[in-house]
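Asker: What follows is a structure written as C-alpha cells; I'll ask about it next.
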Amino acid sequence: MDYSFAYPWAKKELLKETSYYTTRLRIRELREEGCCFSKKHESLVKLVECKEGEPICCDESSDFNGPFCFFNATLFKKVLLRLPLTIFEKELLTKLNVALT
C-alpha cells in the first residue's frame, strides 16, 4: 500500500521503515525484558502492535481514542529514557534530531 498520500510530511525513507513489534507476543516480550516507559505510571502506558508492513509513522493500527505518539523502542530499552521526559532530555533529543513530534 502507498502511504505517501496519507503522510505527505514523511520522507520516503521513513515510509519504508516498519516496526518489529507487530504482535502482542513481541510487545509482551519487550515488557518482560524489563523495558519501562514511564517513571511513575507504567500501567497507564498502552502499547499497540503495528500491522505487518505498516510504516512506523502510521496511526492506522491505533484503536485508542486518547492521545498517542510513536516511539523508537531503543530510547526506552537502550537509552533508558522514561516518560515524562525532562526539559534536558527533550532538548537533547531535539539537538540529536530525534525529538518527539
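Asker: Based on a Kirkwood Rh over C-alpha pairs, give the Stokes-Einstein translational diffusion coefficient of region 13-60 at 20 °C and viscosity 1.002 mPa s in µm²/s. Please list the in-between numbers first.
Answerer: Values: Rh = 11.9 Å.
Translational diffusion coefficient: 181 µm²/s.
Asker: Please get the size of the charge dipole for the chain, origin at its Cα centre, with Cβ charges of +1 on Lys and Arg and -1 on Asp and Glu, quoted in debye to the nearest 20.
Answerer: The calculation lands at about 400 debye.
Asker: Enumerate lysine pairs in the chain that are 8 or more residues apart or on different chains, then count those whose Cα atoms are under 21 Å apart.
Answerer: Value for the chain: 16.
Asker: Label points 7 Å out from Cα along the Cβ direction at Val79 and Leu93: separation in nm?
Answerer: 0.7 nm
Asker: Choose one of Leu96, Ile56, Ala73: the residue whose Cα lies farthest towards the positive end of the charge dipole of the chain (beta-carbon charges +1 Lys, Arg; -1 Asp, Glu; about the Cα centre).
Answerer: Selected residue: Leu96.
Asker: A further question on this structure: Pulled fully out, how much extra length does the chain show between Thr86 and Met1, if you take 0.36 nm times their separation in residues and subtract their Cα-Cα distance?
Answerer: Result for the pair: 26.8 nm of gain on full extension.
Coordinate-derived values only; no laboratory data. In this text, all values refer to a predicted model and were calculated from it rather than measured experimentally. Cβ: placed from backbone, ideal geometry, glycine included. Neighbour counts: every protein chain shown.
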